[in-house]
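Working notes, structure below.
The values are calculated or read from the model by the stated rules, or taken from the named source; none is laboratory data. None of these values were measured; they are calculated from a predicted model. Cβ sites come from the backbone with ideal geometry, for glycine too, and all protein chains shown count toward neighbours.
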Amino acid sequence: MAIPTEIVGSLPRPMKLQEAYQDLDDGKIDFSELQKLQDEAAEDSIRRLEETGQSPVTDGEQRESSFATYPLTDTLAGTGLADNLAAGDGQYFAIFDDGHHRQLPRLTGGPFKYKTYASEFVEKNKKIAKGDVKQAVIAPSMLMLLYPLDDEIEGYSREEFLSDLVDECEKDIRQCFDAGAVRVSIDFTEGRLANKNDSRNPWTGKDMLQEFIDLNNRVLDRFSPEERRNIGIHTCPGGDCDSVHSKDVPYEKLLNHMFDINAGYFLIQCSSEDDRESVYKLCGENRREDANGVPQVCFMGVINPLSPEVETPEQIKNELVTAAKYIPVERLGATDDCGFSPFSRDVKPSHGSPDFARDVAMQKISARLEGARMATEELGV
Ligand SMILES: [Zn+2]
């Protein structure tokens, strides 16, 4: 059995598409014109991923305002915002190391409903792809930050909101499978950030990791072990405009707890860590062979999407062989540290342009596939 590989989700949006998102905000085009360009970029993403041999494929999230806000708004500026949300003064979901931030809308009342489910993308992608399709969805633990951190919303209690949120997240995942996705991974970038203690971003000082894990399990526990085999959790220290938000938080604070989530597999940032071997070890020690009926598979990040330098298959092979010292090889996979552009606006400065960054992403994915093939051979599996 070959060492499996999986893409996290996103690819850089072509500059033309990023400008179209802006044009929608500026009222220069309507949503159908944006959608035409999104569909073109999605089709190009799928075709090019298929050329590398990557399976399952994604559409590179070309139709999403971001990995976190796709259910809520058409653009990051808040054009086409869902009901009961206000733009501009919600919580920061992250303040990045270079000082830029990304902000969530603020919930103003209930009930909480998604405006867009990720299955809409799966349905479109299934018509384009020759083979299997996967979809990334956002974790309830991120969207719980839509609710004010300390205050109660009059007429809509925190518990009512969380109950609606869990229903919506379950529906988001279930509909992706129903639309034909073979894998659904849940983006959990707020996991490591939960121990940041950044005074500019109050929720990161409230020790919320356990609350996040419990909430994610409220969703996962609604799925059978067979279903959870194909439901993953992605963790990373963020990756936006060449910057990260929580790489300075000791990784063990997350990895000692993350595997309490009853998911069947994990997509784990690792290649940009200084001490990668300790990460393999922590994953090997903490992963569970029986997470309520499902063994947990660790897909280790062997590609750094923030760097334009393309990893060699040899480097990747060596990393996977080292990882196999700590993680049983039948529970080991390879992935990228993160999506290549989680947010719709990211010009990929260190690459020079997002269009060039798309080319680089394909080279990196090809290298990952080849490196995993070489590791499979060397480990004799
Ligand atoms: Zn990520």
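Things to note:
- The residue pairs whose first member lies in region 328-342 and is under 28 Å from G380 (Cα atoms), whose second member is more than 10 Å from the ligand (Cβ to nearest atom) and modelled with pLDDT under 95, and whose beta carbons are closer than 6 Å, counting only pairs six or more residues apart or on different chains, are V329/V381.
- Residues that are within 17 Å of the chain's Cα centre (by Cα) and not aliphatic (A, V, I, L, M) were ranked within region 74-115; the one that is modelled with the lowest pLDDT is F93.
- Options E168, E226: the member that is surrounded by fewer than 16 Cβ atoms within 10 Å (Cβ to Cβ) and more than 15 Å from the ligand (Cβ to nearest atom): E226
Listed here are the residues, each with its yes/no results for (1) modelled with pLDDT under 95; (2) out of contact with any helix residue (DSSP H, G or I) (no Cβ under 9 Å at 6 or more places or on another chain); (3) within 16 Å of the ligand (Cβ to nearest atom).
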residue: I173; (1), (2), (3): no, no, no
residue: S185; (1), (2), (3): no, yes, yes
residue: K206; (1), (2), (3): no, yes, no
residue: C236; (1), (2), (3): no, no, yes
residue: N256; (1), (2), (3): no, no, no
residue: D260; (1), (2), (3): no, no, no
residue: L267; (1), (2), (3): no, yes, yes
residue: S278; (1), (2), (3): no, no, no
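- Where a residue in region 10-37 is within 26 Å of I365 (Cα to Cα) and its partner, wherever it lies, is at pLDDT 95 or above and hydroxyl-bearing (S, T, Y), with Cβ under 6 Å and at least six apart: S10/S341; L11/S45; P12/S341; R13/S344
- Some residue of region 338-346 being away from the ligand (no atom under 16 Å from the Cβ) and under 20 Å from the mean Cα position of the chain (by Cα): yes
- A372 being within 16 Å of the ligand (Cβ to nearest atom), small (G, A, S), part of a helix (DSSP H, G or I) and modelled with pLDDT of 95 or more: no
- When region 111-135 is filtered for residues that are out of contact with any Pro (no Cβ under 7 Å at 6 or more places or on another chain), surrounded by fewer than 17 Cβ atoms within 10 Å (Cβ to Cβ), in a loop (DSSP other than H, G, I, E, B) and free of Cβ contacts under 8 Å to residues at least 60 places away in the same chain, the ones remaining, listed by number, are P111, K113.
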